[in-house]
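Report on one structure; see the data block that follows.
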Ligand SMILES: C[S@@+](CC[C@H](N)C(=O)[O-])C[C@H]1O[C@@H](n2cnc3c(N)ncnc32)[C@H](O)[C@@H]1O
């Protein structure tokens with residue numbers, strides 16, 4: 001990351017190292033698994049994009065390889081890169097447990113340690129929101145640089161106007177400005193037009209879809225350790241409702257895209 005302040009950098013990486021030990025397994029196994037009717041089995045979820053067998057694919061900000069594992073299962077040659085060594089250690093355990101030989105690398109998305117035009121595909125899911133807009137732009141530039149011509153990348157970011165994200169942004173705002181909470185990791189929620197503009201400046205094609213239309217129940221932040229859990233009997237119905245809105249948003253009613261929790265940006269070099 002282009003950082004002016006090495007203390008900030010250390011603290012930033014430290015939060016992810018800590019998160020790797022605590023939050024990732026907890027959120028996955030302990031909490032979100034409760035909502036399986038809504039989310040499906042997170043540990044066995046298919047990647048949210050098509051995977052090409054044999055394609056050299058970069059997972060930028062792989063975390064504990066929640067997505068890299070199913071990508072490898074489908075026959076791609078995947079490389080996981082993350083800024084946190086502790087996350088990579090979780091990744092290694094997770095991948096080895098499932099019979100893969102992990103190719104993992106510590107690195108920073110804003111300065112990828114790869115040659116130009118070397119990957120068939122890349123993806124970066126839920127990483128850009130933790131970086132400043134300027135660093136996010138650098139990451140996109142790096143993704144463009146390392147992709148071969150015609151290569152495709154998928155970038156997932158949380159979107160600005162989803163009820164859940166508005167609530168999160170509000171809580172983050174008061175915790176920083178009222179309670180003077182100092183956290184090196186801040187969430188940036190992207191407007192659809194903003195991420196489109198960033199990508200169109202670089203890539204030859206850019207297509208954006210919106211996902212996860214749900215009520216603001218999934219609040220698990222440092223500031224609000226509570227869950228607004230809807231009784232289980234309503235999960236299936238809510239999921240169907242959410243899927244129907246998603247289909248409309250990515251079809252005949254594009255203005256609804258603004259309200260999905262995440263945006264998936266497909267870009268082609
Ligand atoms: C919210 S997690 C997402 C993990 C994974 N992509 C997933 O969807 O399960 C964000 C991850 O990005 C990593 N990360 C944050 N900033 C990064 C950077 N500048 N370069 C590479 N990885 C970074 C963090 O260490 C963390 O593992």
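Residues in the range 165-196 that are in a helix (DSSP H, G or I) and within 19 Å of the chain's Cα centre (by Cα): 11 in all.
Could you say whether any residue in the range 121-133 is over 18 Å from the mean Cα position of the chain (by Cα) and either surrounded by 22 or more Cβ atoms within 10 Å (Cβ to Cβ) or assigned to a loop (DSSP other than H, G, I, E, B) (or both)? No, the conditions are met nowhere in the range 121-133. Are any residues in the range 115-139 more than 17 Å from residue 262 (Cα to Cα) and within 13 Å of the ligand (Cβ to nearest atom), and if so, which ones? The answer is 122, 132, 134, 135, 137, 138, 139.
One residue is enough: does the range 169-177 have a residue meeting the conditions in contact (Cβ under 8 Å) with a residue 60 or more places away in the chain and surrounded by 18 or more Cβ atoms within 10 Å (Cβ to Cβ)? No, the range 169-177 contains no residue that is in contact (Cβ under 8 Å) with a residue 60 or more places away in the chain and surrounded by 18 or more Cβ atoms within 10 Å (Cβ to Cβ).
Just to verify a result, which residue in the range 142-167, among those that are within 13 Å of the ligand (Cβ to nearest atom) and more than 15 Å from residue 266 (Cβ to Cβ), is modelled with the highest pLDDT? The residue in question is 142. Say whether the condition of being more than 16 Å from the chain's Cα centre (by Cα), within 13 Å of the ligand (Cβ to nearest atom) and assigned to a loop (DSSP other than H, G, I, E, B) is met by at least one residue in the range 100-107. The answer is yes; a qualifying residue exists.
When the range 63-78 is limited to residues that are modelled with pLDDT of 95 or more and surrounded by fewer than 20 Cβ atoms within 10 Å (Cβ to Cβ), the one that is nearest to residue 146 (Cα to Cα) turns out to be 77.
For residue 256, state whether it is modelled with pLDDT under 90 and in contact with a helix residue (DSSP H, G or I) (Cβ under 7 Å, 6 or more places away or on another chain). When the stated conditions are applied, residue 256 does not pass them.
Every listed requirement among (1) farther than 22 Å from residue 267 by Cβ; (2) buried (at least 20 other Cβ atoms within 10 Å of the Cβ); (3) within 11 Å of the ligand (Cβ to nearest atom) is met by residue 86 save one, (2). Can you tell me which residues in the range 10-34 are in contact with a helix residue (DSSP H, G or I) (Cβ under 7 Å, 6 or more places away or on another chain), modelled with pLDDT under 70 and away from the ligand (no atom under 11 Å from the Cβ)? Passing the criteria: 32, 33.
Of the listed requirements (1) modelled with pLDDT of 95 or more; (2) surrounded by 13 or more Cβ atoms within 10 Å (Cβ to Cβ), residue 251 misses just one: (2).
The values are calculated or read from the model by the stated rules, or taken from the named source; none is laboratory data. The model shown is predicted, which means the values in this text are computed figures rather than measured ones. So basically every Cβ, Gly included, is an ideal-geometry build from the backbone, and we count neighbours across all protein chains shown.
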